[in-house]
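K.L.:
Have a look at the structure that comes next, please.
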């Protein structure tokens, strides 16, 4: 993969809910199949900070918050991520991401506060969508690690939910694309989270899943991304 962008993802929470596979499958484009673990599909809400975002050859990086709702899919047996929305607190970043990657990015106003370091890190993440081209969406949560950081074991649920190095997306004409990313394996800790507001499900046409989410806090990770390609 030839790198187009480099960046660091930090202060990232994975909040995942198991859902019926058919519920997700009905929302996927042609050619994209829902991926399951022990029969369950998953919807994930992921708030984090994208730091030091540098297009190749550009010396100064951008930084902004991102919040996405995702699920896990395969295309011809190849696993990846499918995003229902990606909200970001940067007008330029939203425009570039839409143009370069055909991803459903929307402009949002975010307030992100961080306290402590390492195992004592605590993040308060608030997001309110400002883009009028999509349904209103809001998120307000405080989260923190709650245990040791470890690399997910191969074949585990955590690996299924996080060790994904390809995303799939479609353009306005329904044409399918994929993009690849590269990074070291995730280092994850169990997490606690007080989620006060989360309307991402309803904004994307889903009912809020029952039960508590599976929560993981991720250590900072350096990421590179390549260009998208027609599937």
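The values are calculated or read from the model by the stated rules, or taken from the named source; none is laboratory data. What you see is a predicted model, and the numbers here were worked out from it, not measured in a lab. Every residue, glycine among them, receives a Cβ derived from its backbone with ideal geometry; neighbour counts consider all protein chains shown.
K.L.:
Here is a list: 87, 131. Which entry is more than 15 Å from residue 170 (Cβ to Cβ), in contact with a helix residue (DSSP H, G or I) (Cβ under 9 Å, 6 or more places away or on another chain), assigned to a loop (DSSP other than H, G, I, E, B) and touching a residue at least 24 places away in the same chain (Cβ under 8 Å)?
P.N.:
Just a single option satisfies the conditions, and that option is 131.
K.L.:
On to the next question. In contact with a strand residue (DSSP E or B) (Cβ under 8 Å, 6 or more places away or on another chain) and not in a helix (DSSP H, G or I) - does that describe any residue in the range 93-102?
P.N.:
Yes: the range 93-102 contains one or more residues that are in contact with a strand residue (DSSP E or B) (Cβ under 8 Å, 6 or more places away or on another chain) and not in a helix (DSSP H, G or I).
K.L.:
Next up: Within the bounds of the range 181-192, is there any residue that is within 15 Å of the chain's Cα centre (by Cα), under 27 Å from residue 28 (Cβ atoms), surrounded by fewer than 16 Cβ atoms within 10 Å (Cβ to Cβ) and modelled with pLDDT of 95 or more?
P.N.:
yes
K.L.:
Please state which one of 176, 157, 161 is under 25 Å from residue 6 (Cβ atoms) and surrounded by 14 or more Cβ atoms within 10 Å (Cβ to Cβ).
P.N.:
161
K.L.:
On the given criteria, is residue 137 touching a helix residue (DSSP H, G or I) at 6+ places or on another chain (Cβ under 7 Å) and more than 24 Å from residue 117 (Cα to Cα)?
P.N.:
When the stated conditions are applied, residue 137 passes them.
K.L.:
Additional query: Restricting attention to the range 94-112, and to residues there that are under 17 Å from residue 136 (Cβ atoms) and in contact with a helix residue (DSSP H, G or I) (Cβ under 6 Å, 6 or more places away or on another chain), which single residue is surrounded by the fewest Cβ atoms within 10 Å (Cβ to Cβ)?
P.N.:
107
For every residue, the table says whether it meets (1) crowded, with 19+ Cβ neighbours inside 10 Å; (2) under 22 Å from residue 118 (Cα atoms); (3) without any contact (Cβ under 8 Å) to a residue 12 or more places away in the chain; (4) more than 19 Å from the chain's Cα centre (by Cα).
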residue: 7; (1), (2), (3), (4): yes, yes, no, no
residue: 19; (1), (2), (3), (4): yes, no, no, no
residue: 33; (1), (2), (3), (4): no, no, no, no
residue: 39; (1), (2), (3), (4): no, no, no, yes
residue: 43; (1), (2), (3), (4): yes, no, no, no
residue: 55; (1), (2), (3), (4): no, no, no, yes
residue: 65; (1), (2), (3), (4): yes, yes, no, no
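K.L.:
Ok, one more. Anything in the range 202-218 that is surrounded by 15 or more Cβ atoms within 10 Å (Cβ to Cβ) and within 25 Å of residue 156 (Cβ to Cβ)? List them, or say none.
P.N.:
Correct list: 209, 213, 214, 215, 216, 217, 218.
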